[in-house]
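Chemist: Input: one structure, supplied below.
The values are calculated or read from the model by the stated rules, or taken from the named source; none is laboratory data. The structure presented is a predicted model; accordingly, all values stated were derived computationally and were not measured. So basically every Cβ, Gly included, is an ideal-geometry build from the backbone, and we count neighbours across all protein chains shown.
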Amino acid sequence: MAAQPAGRPRIVVHAPALDGSRRVTEGDETLGIATHADDVAEILRLADHYVTDLAHSGFIDWQGGGPDDWPGLSEEHERP
């Protein structure tokens, strides 16, 4: 991965777990668990990182697939 610009956080959206959820971290800190790209945006917002385009933000490292990859979750999965 290329070096991050100074002052930008290094956010990692980890590869999906068996249930399809993905851990979101900043450095060694877990910011939250996401089950959908909207969750990632909300987790980042709560951490004071405002992102308008998750796929092309430049500081999110998507591991195991991008913002449209949520294997293990059915099409009927409904978020609370």
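Chemist: Where the second residue is modelled with pLDDT of 95 or more and of a type in the set (D, E, K, R) and the first is surrounded by fewer than 17 Cβ atoms within 10 Å (Cβ to Cβ) and assigned to a loop (DSSP other than H, G, I, E, B) and lies in segment 41-66, which pairs have Cβ atoms under 9 Å and are six or more apart or on separate chains?
Modeler: Once the first residue is surrounded by fewer than 17 Cβ atoms within 10 Å (Cβ to Cβ) and assigned to a loop (DSSP other than H, G, I, E, B) and sits in segment 41-66, its partners that are modelled with pLDDT of 95 or more and of a type in the set (D, E, K, R) give Ala47/Glu26; Ala47/Glu29; Val51/Arg45; Gln63/Arg22; Gly64/Arg22; Gly65/Arg22.
Chemist: Checking Ile33 against (1) at pLDDT 95 or above; (2) over 16 Å from Gly72 (Cβ atoms); (3) not acidic (Asp, Glu), which single condition isn't satisfied?
Modeler: The single condition Ile33 does not satisfy is (2).
Chemist: Among the residues of segment 12-30, which ones are modelled with pLDDT under 95 and either surrounded by fewer than 16 Cβ atoms within 10 Å (Cβ to Cβ) or of a type in the set (A, V, I, L, M) (or both)?
Modeler: Ala17, Leu18, Asp19, Gly27, Asp28
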